[in-house]
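Enquirer: My questions all concern the structure below.
A short reminder: the numbers here are calculations on the coordinates, not readings from a lab. Note that the coordinates shown come from a computational prediction; the quantities given were computed from them, not determined experimentally. Cβ coordinates were reconstructed from backbone atoms using ideal geometry, including for glycine residues, and neighbour counts include every protein chain displayed.
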Amino acid sequence: MASTAVTAKAATKAATAKSPAEVYREGLALGELRYQRCQWCSTRFCSVSLLCATCGGPDFVWERSSGRGRIHALPQAVGPDDWQERTAVVELDEGFRVRARLAPTPAHRIWRGAPVRLEVAETGDGSLRPVFRPVAA
Ligand SMILES: [Zn+2]
């Protein structure tokens, strides 16, 4: 029993020693969207932050998003051929918003309030990034 607790504690320590960017990227590699929650005011961040933008607090815990949300806003002036570059502000079920690309999707599936699911895509340079795919309501 005691050794299990020690192991868990060591694992926690190792995790906190990583930089926020590393923790975030590890999540993407597992198909997860990880975010930081301020321990002082509970503000949630999807970007990697060292200080809370709301209260300035330096203490965060990492949480894992369900990857489910809805399109909150769409950029203006997107032509029919621009779908590959389409980005949206997605409001996640956890209650915070993130700007991210949408997966290639027919235009009629994209509207304000459309439900979306997280996917992880590889960019041209081999890094990973979150994208959101509109799904049937
Ligand atoms: Zn805060």
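Enquirer: Return the residues of the range 27-69 that are assigned to a helix (DSSP H, G or I) and either within 13 Å of the ligand (Cβ to nearest atom) or surrounded by 15 or more Cβ atoms within 10 Å (Cβ to Cβ) (or both); say none if nothing qualifies.
Expert: Residues satisfying the conditions are G27, L28.
Enquirer: Pick from the range 98-118 the residues that are in contact (Cβ under 8 Å) with a residue 40 or more places away in the chain and charged (D, E, K, R): which of them is surrounded by the fewest Cβ atoms within 10 Å (Cβ to Cβ)?
Expert: R112
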